[in-house]
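The values are calculated or read from the model by the stated rules, or taken from the named source; none is laboratory data. Because the structure is a prediction, the values reported are computed rather than measured. No Cβ is skipped: glycine too gets one built from the backbone with ideal geometry, and neighbour counts run over all protein chains shown. Note: accessible area is taken over every heavy atom of the protein model, side chains too, but ligands, DNA and RNA are not part of it. Shrake-Rupley method; radii C 1.70, N 1.55, O 1.52, S 1.80 Å.
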Amino acid sequence: MPVQSAGSVRSAASARPVPPQDPTETTSTGELRAGLVAAEDLLLFVNAAITATGQREFRSDAAEQQLSLAFLHEYVQVNHRSLYAAALALDINDHNAALIVERLLRTAREATAEQKRTEGRLIAARLALLPPQRVYRLFRALRTAGVNNRRTRAVQRDWLAARPDLGLDAVKYRRWLKSAVRHSHPPARVLDSGALSAGRAGELGDFLFRPGIRTRYGHPLLDAYRRAHYEQQAVYELPFTVAEGFAARHRVPRERFLERIAPRMTRLEKLRTTEATGGRTGERELSELPLTRLALYALSLPRAERAARRTVLTAALRSAARRSAGAGAGSWGRVSAVLDDSYSSYGSGVKRRRPLAVALAAHFLLEALAATYRPHWTSGLTDPLMAHPVGPTPLGTRILDALEDSPDRLVIVSDGWDNAPPGLAGEVLRLWRTALDPGRATAVVHVNPVYDAAGYDVRRLAPSVPTVGIRDAEDLPALVEVGQFTEGRTGPAELRAYLDRRTERFLRRYERHLPDEGRGRGGGRNGSGSGYDGGKAGRV
């Protein structure tokens, strides 16, 4: 990929002609063409925002991924601001959601009053869903960039006011919370709200900015943090990640520490600790994991251990798949899948085996969604639990095998690098669609978990087959719905209507949990609002 400076990227993005903001309101040929461009750009951006995280992939390093992603963000934000903000309502990953919020707040002057109102509601709803550590990182990035406009301060103030326990945040994210408070200057009532209202006024401010001035705190976590400096028992009253440091300072044996802190550990902390210590995760813990996370865990085990725990792992994967399928279980008719377990499905050192995990999770999810199901792994694998990244990618051959099943639906899960022989998959799909199945009796969709930095999109197999990016296999049913827009059989008006429906549903789900006061602020001048603590914002 050619190296470009940030300035050249900005110039390229800014030089693009600006199409109308709302293509559905246009009627002339030129305006309709602009609407098609906007729809195409949005789909390209959504694919990137679902799959790309700026980390190294199998065929591109982190710098290439970040440069390519930065260009897309700049381009869509400059040319299609309303669509750019609306992407917050879609199933994009947290990395890109934070980037969108940061860019919208940095460029508040470029938005109209109506855009600011809508953006404020979307930002408040999305921040409530992000993990708190990612929101604090976003606030720190805004402070570093010197973004301190009234809108930014209001967004930070409302998010802090909605936190269920700022005392917990002060202990877990002490440095980041200090930075956010210094940047946004929230009123004292915000810092003394929630669980802190039971203690004496000003406790949080003293804890953050004047440590040691109080001999005790009314908030139990703040006081436990104070006592943990000299009292071992207080260590076990703290969150696990904070307690680890104190345990090391008190030279507590690791085994004893893990045994006593276990009741305070979150689900993922227990899983990571068990993996790090070489322990075995229990059946109960496995049953609580989401499908793709569970597939990643299964693939991280040596194949001998997978074989030994086959019954438990398979039952947990099928149970997670049934939960993800929900009411759609068994409704997809005859389904065949081509699943990529070639060598490139290893991913990279920082995204180890993620493409393969998505394929494994998709296998179990499709099994749950289908009435009858037949998988075709590129390696010829017949035991999915033993999946391992190995060999070339004979996608074309496997697609031929799958089409012989005469399925109602064919799902291809692959990074799109067909190399045995190169291009056969695209040619097979082209001939199938144009000569053998022009009536589209078989619905074909390609889901791709890898962002192609050089192509600014996920890699496609054939123009006649819809390709969508995928992060977690659980999103597959929703992404299949999006896939119809990439096939070229629907226009920008349908896409915009779909986007409006998703945005409305997303905002309604968030705002129905708001108190009357917060709902009023959400539609107010600053366009931000306090919100409930969304599922991912709490402990996991």
Could you check how much of the accessible area of the stretch 288-344 is carbon and sulfur, as a whole percent, using a 1.4 Å probe? 55
Top to bottom by accessible area (1.4 Å), largest first, where do 499, 424 land? 424, 499
Acute angle (nearest 10 degrees) that the helix 310-325 long axis makes with the longest principal axis of the chain, alpha-carbon atoms: 90
Expected 222 nm ellipticity per residue - DSSP helices of 4 or more, -39500 (n - 2.57), all of the chain, to 500: -16000 deg cm²/dmol
For residue 217, other-chain or 5+-apart residues with amide H closer than 5 Å (H placed, Pro excluded) are 223
Can you run phi through the Karplus equation (6.51, -1.76, 1.60; θ = phi - 60°) for the stretch 436-450 and list ³J(HN,Hα) in whole Hz, with x for Gly and Pro? 9, 9, x, x, 6, 5, 9, 7, 10, 9, 10, 10, 10, x, 10
Consider all pairwise Cα distances in the stretch 174-321 and report the whole-number % of them above 18 Å. 67
Kindly report, to the nearest 10 Å², the accessible surface of residue 114 as traced by a 1.4 Å probe over protein heavy atoms only. 110
Which whole-number value in Å² is the accessible area per residue of the chain, probe 1.4 Å? 44
Taking 0.36 nm per residue of separation between residue 431 and residue 334 and subtracting their Cα-Cα distance, the length gained on full extension comes to 32.8 nm
For residue 95 and residue 481, what does the FRET efficiency come to when R0 = 30 Å and r is the distance between their Cβ atoms, rounded to the nearest 0.05? 0.85
Karplus 3J(HN,Hα) series, Hz, for the stretch 461-477 with 6.51 cos²θ - 1.76 cosθ + 1.60 (x for Gly, Pro): 9, 7, x, 7, 10, x, 10, 10, x, 9, 9, 10, 4, 4, 7, 4, x
For the chain, take the longest principal axis of its alpha carbons; what is the angle in degrees between that and the long axis of helix 354-369, to the nearest 10 within 0 to 90? 70
With R₀ set to 30 angstrom, the calculated FRET efficiency between the beta-carbons of residue 283 and residue 256, to the nearest 0.05, is 0.75
Please give the FRET efficiency for residue 62 paired with residue 264, using the beta carbon to beta carbon distance and R0 = 41 Å, rounded to the nearest 0.05. 0.75
Rounded Å value of the spacing that divides the Cα centres of the stretch 338-384 and the stretch 61-135: 31
Phi-derived 3J(HN,Hα) across the stretch 101-113 with the Karplus relation (6.51, -1.76, 1.60, θ = phi - 60°), rounded Hz, x for Gly and Pro, is 4, 4, 5, 5, 6, 5, 10, 4, 5, 7, 8, 7, 4
In whole percent, and with a 1.4 Å probe on the protein chains, what portion of the accessible area of the stretch 68-156 is carbon and sulfur? 47
Could you pull the accessible area for residue 456 with a 1.4 Å probe, rounded to 10 Å²? 60
Can you tell me how much longer the chain between residue 140 and residue 500 gets when fully stretched, taken as 0.36 nm per residue apart minus their C-alpha distance, in nm with one decimal? 126.5 nm
Which whole-angstrom value gives the distance between the alpha carbon centres of the stretch 143-190 and the stretch 287-308? 38
Please work out whether the stretch 254-307 counts as rounded, prolate or oblate from its C-alpha gyration tensor, where a ≥ b ≥ c are the square roots of the eigenvalues and a/c under 1.5 means rounded, while otherwise a/b larger than b/c means prolate and anything else oblate? oblate
For the stretch 63-124, state which chymotrypsin sites (Phe, Trp or Tyr not before Pro) are in a DSSP loop and have at most 14 other beta carbons lying within 10 Å of their beta carbon. none
For the chain, calculate the relative contact order in percent as a whole number, restricting contacts to Cα pairs under 8 Å that are 6 or more residues apart. 19
Length gained if residue 308 through residue 229 is fully extended, taking 0.36 nm per residue and subtracting the Cα-Cα distance, is 24.0 nm
Give the long-range amide H neighbours of residue 373: residues separated by 5 or more places, or on another chain, with amide H under 5 Å away, using H modelled in the peptide plane at 1.01 Å from N. 335
Pull up all non-local amide H partners of residue 457: gap of 5 or more, or a different chain, and H-to-H distance under 5 Å with H placed in the peptide plane. 452
At q = 0.13, 0.15, 0.21 Å⁻¹, what log₁₀ I(q)/I(0) does a Debye calculation on the Cα points of the stretch 34-180 give, no solvent, two decimals? -0.60, -0.80, -1.39
What does the accessible area of residue 106 come to, in Å² to the nearest 10, when a probe of 1.4 Å is used? 120
Kirkwood Rh over Cα pairs of the chain into Stokes-Einstein at 25 °C, 0.890 mPa s: D in µm²/s? 97
